[in-house]
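Here the structure is laid out as structure tokens; the discussion comes afterwards.
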Amino acid sequence: GRMAGMTTLAAVNTVVDPQRLLRRVARNALDLVPHADGALVGLSDAGGIVYVCGAGRLEPFAGTSVGLHTSFAGLAARTGRVLRMGDAEREDRADRDTCRRLGVVSLACIPLVRGGETLGVIAMGSASRDAFDDQDVLVLEEVAEFVALVVGLARDLSRVTRDMLHLHAPPDSGRSPPDPARPQSTQRFVMGILEPGSELLADAKERVQEVLDHPERLSVVFQPVVDLGSGQVVGAEALSRFAAKPLRPPDEWFADAEQCGLGVELELLALRRALSARPRLPAGVTLGVNVGPAALVSEKLQLEVAGTPPGGIVLELTEHSRVENYEKLLETVGALRERGFRFAVDDTGAGFSGLAHILRVAPDFIKLDRDLVSGIDLDPVRRSLAAALVAFAEETGASIVAEGVERASELDALTRLGVHLAQGFFLGRPGPVEELCRLAGCRRDLGAGVALSPGRSPADRSR
């Protein structure tokens, strides 16, 4: 119950975030006053003005404080008037030390007054002398009342929302804490009004966080990768399974984690669980572990694999996530490859990047997506695409692995195309490490395969 409340509070903080609004005010103020090269939004407190956020050249100075009676911004707040100065070094009312530190020569300060209360100021700065004219002051005066109203409303909305949700009830308020077992209908109502869809995101974050807090709810099974020439199991792909509600395919868990900002954490948990089972794998069997681009380049992944012997580990880079920074990705791939890790490009034929992605990563393995493999014996277009990828792999020194093989006729078609490695229900279902060891100890009869049950679980078809 406490964890659910904390998760909901974090979601409410995101939806009702006055500072997010203040950052937008600072950015838009720069567009309004073209002579300014930076802006700071300050809020009043007992000690003076605290600049809580900024934009432009002054953005890094958020957190700076100035006195109410010893600064130009404090004077604007006390008088309630828009003030400007053209040279801080010659202005007795300026806090010269702070202006020097901020690199401000010209300054225009707009008080944020609402209902007779001064909430704070917006300070527009410039490194040039006499940067602001009468027109700038006029424009700032016109928007001052509106900005003060918006900032005040955001502050009030944040306070009232938290008070109504009982998330920050003071110990002496006499208000009892909410029942953890009671549905969070009030929270969902408020969040749905303030930002439609955010309540669903909060639900997803709570579910994923529960798994992260209880790692035993994520287990790993292994699907064999078979050499089609010898019939021997030469590798295994680690696939995640979730013993958590709601019951659904693993891909949906990872999609939820990605949307709520916990994608890297969940992928690293799956990686950790897979690597922990590695000592029990049969000798000579490679271990394939799925990892997305964001997780691969994260410092947390480097820590996870720091003490891991890299031999026999294949990091399968999924194509379902766009690569935001190829330079960083390739740098990481190169460093891990030098240590002995090998790489596969997963889901080829179903992702974003295609051949250009493969050329950049230069993987050791190219895995054909199950949607390309399914029905390949009946579809000449699928066969043509697979044949092109086989030729491409030969030219680049990579090996092709066909995923999702479910029928003998599909396997025959792939073999004729020159595919040497494959996995799928026909060759072996995902199962515990003990089952993988049993399969690895005997040669597979590729003519018989594994019988498929008509009601197979969708969880067996993902990650």
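Thr348 meets the conditions (1) over 26 Å from Ser219 (Cα atoms); (2) touching a Lys or Arg at 6+ places or on another chain (Cβ under 7 Å) in every case but one. The failed one is (1). The requirement of being open to solvent by 10 Å² or more (accessible area, probe 1.4 Å), modelled with pLDDT of 95 or more, outside any loop (DSSP other than H, G, I, E, B) and not polar (S, T, N, Q) is fulfilled nowhere in the range 430-445; no residue meets it. For residues in the range 358-378 being of a type in the set (Asp, Glu) and open to solvent by less than 40 Å² (accessible area, probe 1.4 Å), which is nearest to Ala335 (Cα to Cα)? Result: Asp369. Taking the listed residues Val220, Val226, the one that is open to solvent by 20 Å² or more (accessible area, probe 1.4 Å) and in contact with a Lys or Arg (Cβ under 7 Å, 6 or more places away or on another chain) is Val220, with no other qualifying.
So that you can scan it fast, the table gives a plain yes or no per residue for (1) under 19 Å from Gly288 (Cα atoms); (2) at pLDDT 95 or above; (3) out of contact with any Phe, Trp or Tyr (no Cβ under 6 Å at 6 or more places or on another chain):
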{"residue": "Tyr326", "(1), (2), (3)": "no, no, yes"}
{"residue": "Thr348", "(1), (2), (3)": "yes, no, yes"}
{"residue": "Pro363", "(1), (2), (3)": "yes, no, no"}
{"residue": "Leu368", "(1), (2), (3)": "yes, no, yes"}
{"residue": "Thr396", "(1), (2), (3)": "no, no, yes"}
{"residue": "Gln423", "(1), (2), (3)": "yes, yes, yes"}
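Of the residues Ala274, Ala388, the single one that is hydrophobic (A, V, I, L, M, F, W, C), more than 21 Å from Val233 (Cα to Cα) and either free of Cβ contacts under 8 Å to residues at least 60 places away in the same chain or buried (at least 20 other Cβ atoms within 10 Å of the Cβ) (or both) is Ala388. Of all residue pairs spaced 6 or more apart or on separate chains, those with beta-carbon atoms under 6 Å, a first member in the range 62-74 that is touching a residue at least 24 places away in the same chain (Cβ under 8 Å) and aromatic (Phe, Trp, Tyr) and a second member that is in a loop (DSSP other than H, G, I, E, B) and surrounded by 19 or more Cβ atoms within 10 Å (Cβ to Cβ) are Phe72/Ala94.
From the list Ala36, Ala73, Ala26, Ala55, the lone residue that is part of a loop (DSSP other than H, G, I, E, B), under 20 Å from Ala127 (Cα atoms) and open to solvent by less than 60 Å² (accessible area, probe 1.4 Å) is Ala36. For the range 114-125, filtered to residues that are farther than 17 Å from Val50 by Cβ and in a strand (DSSP E or B), the residue that is least open to solvent (accessible area, probe 1.4 Å) is Met124. When Asp92 is tested against (1) part of a loop (DSSP other than H, G, I, E, B); (2) touching a residue at least 12 places away in the same chain (Cβ under 8 Å); (3) open to solvent by 50 Å² or more (accessible area, probe 1.4 Å), just one condition goes unmet, and that condition is (2). Before we move on, is Ala244 open to solvent by less than 20 Å² (accessible area, probe 1.4 Å), more than 27 Å from Lys328 (Cβ to Cβ) and modelled with pLDDT under 90? So Ala244 fits the description; yes.
The values are calculated or read from the model by the stated rules, or taken from the named source; none is laboratory data. The structure displayed is predicted, hence computed values, not measured ones. As a convention, Cβ positions derive from the backbone with ideal geometry for all residues, glycine included, and neighbour counts pool all protein chains shown. When the accessible area is computed, the model is the full protein with side chains, heavy atoms only, and any ligands, DNA or RNA have been set aside. Shrake-Rupley method; radii C 1.70, N 1.55, O 1.52, S 1.80 Å.
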